[in-house]
1. Which condition from (1) at pLDDT below 80; (2) assigned to a loop (DSSP other than H, G, I, E, B); (3) not aliphatic (A, V, I, L, M) is the one that residue 302 breaks?
2. Among the residues of region 295-321, write down those that are closer than 15 Å to residue 255 by Cα and surrounded by fewer than 20 Cβ atoms within 10 Å (Cβ to Cβ).
3. Just checking, does region 215-222 include any residue being under 16 Å from residue 56 (Cα atoms) and part of a helix (DSSP H, G or I)?
4. Might you check whether a residue that is under 25 Å from residue 57 (Cβ atoms) and among the polar types (S, T, N, Q) occurs anywhere in region 140-160?
5. Is one or more of the residues making up region 146-166 among the acidic types (Asp, Glu) and in contact with an Asp or Glu (Cβ under 8 Å, 6 or more places away or on another chain)?
6. Kindly indicate whether any position in region 142-156 is buried (at least 18 other Cβ atoms within 10 Å of the Cβ), of a type outside the set (Val, Ile, Thr) and modelled with pLDDT of 95 or more.
7. What's the number of the only condition in (1) at pLDDT below 90; (2) surrounded by 18 or more Cβ atoms within 10 Å (Cβ to Cβ) that residue 96 fails to meet?
8. I'm trying to understand the selection: among the residues of region 183-214, which are in a loop (DSSP other than H, G, I, E, B), buried (at least 18 other Cβ atoms within 10 Å of the Cβ) and out of contact with any Lys or Arg (no Cβ under 7 Å at 6 or more places or on another chain)?
Amino acid sequence: MTKGLSSLSQDIRTKTSIGMSEALGQSEAFLDFQEYLSRVAPINRPVLLVGERGTGKELAASRLHFLSDRWRGSLVALNCSALNPSLIEAELFGYERGAFTGAEKRRTGRFEAADRGSLFLDEIGNIPMEVQEKILRVVEYGTFERVGSSESIEVDVRIIAATNADLIALVDAGRFMRDLLDRLSFEVLFLPPLRERRGDIFLLANHFAGRMALELGRKEMPQFTREAIDALERHDWPGNVRELKNLVERAVYRSDSPLISHIDFDPFRTQPTVWKEPEAVDKTANMRAASLDDLVGKPLGEAVRELQLRFLKRALKEARFNQKKAARILGLTYHQFRGLYRKYSAEVE
């Protein structure tokens, strides 16, 4: 059991561990939520965050903590859905040596670690009923006992809970304590899904694209074509901001150009394309696009060089600087195109 707790345990959060800069938005839904959050943050009472997956519940919990008077204390987090129900009690309250097989030494729990700070319980609907009773005691009296001990421990902890489940339905089904729900819901904040924040999609996409480019060591800021922007804004975003972040980062990583023209919404269905030489490519069609008259009379090497450069520039322009598409236009493999591009990179950039 000790090994299971150790492998599943999450690190105590610090100020820098959650990207608070990602709380970006200008939509009415986003700004209203931030106003409600800022209003309740200084109030030393439990807060319940309700929202779909990927809406940023952990980020909201972080902002609640650091906008409160408890910001000097620890913000400790526990994802209750990541643990086996039998481990949650020991993880929250700690245990004494010999409390169960494998408990070779005393271990403090999340409540003690969060003393004078905040405890974020994500997916609180997964907590077993018997553990809910102990949490209720902490909320009401500020005391608890470690597993395997009768010694009462006092703590001063603000609980921030989060869920994407219907806790009222869980109460009706006998799977969640009404008293605990009442105590945790001093204020209930509903995180708006991304589909209700259409005005924030482009702002967030640019933010995630810029960070990914920086991570990849690229010098130019990525830009989205109109078609890519339209695709992002039409999407329903069942995975919300987390899904947007993943899609944008993948698009930047896959693109060989600062111009992002394609968004892959289903990586399981669509694999990265490696262009192959078509069996039959009408290369003369491209030849017709450029006049050869002004090349007549020039040395063959110079004429060939100028013609290659013209074709390269034209293909890049037609492909909106998507190098894989430009390679296809020219009837080249991607690796052939990259060789040609490197040869003339100084003249096409």
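The values are calculated or read from the model by the stated rules, or taken from the named source; none is laboratory data. On a predicted model such as this, the values are computed, not experimentally measured, just so you know. Here the Cβ is made from the backbone with ideal geometry for all residues, glycine too, and neighbour counts use every protein chain on show.
1. Of everything listed in (1) at pLDDT below 80; (2) assigned to a loop (DSSP other than H, G, I, E, B); (3) not aliphatic (A, V, I, L, M), residue 302 misses just condition (2).
2. 319, 320, listed by residue number.
3. Scanning region 215-222, I find no residue that is under 16 Å from residue 56 (Cα atoms) and part of a helix (DSSP H, G or I), so the answer is no.
4. No: zero hits.
5. Yes, some residue in region 146-166 is among the acidic types (Asp, Glu) and in contact with an Asp or Glu (Cβ under 8 Å, 6 or more places away or on another chain).
6. No, every residue in region 142-156 fails to be buried (at least 18 other Cβ atoms within 10 Å of the Cβ), of a type outside the set (Val, Ile, Thr) and modelled with pLDDT of 95 or more.
7. Condition not satisfied by residue 96: (2).
8. Start the filter on region 183-214 by keeping residues that are in a loop (DSSP other than H, G, I, E, B), which leaves 185-186, 191-193, 197.
Pick out the ones that are also buried (at least 18 other Cβ atoms within 10 Å of the Cβ) and you get 191-193, 197.
Listed by number, the residues that qualify are 192, 193, 197.
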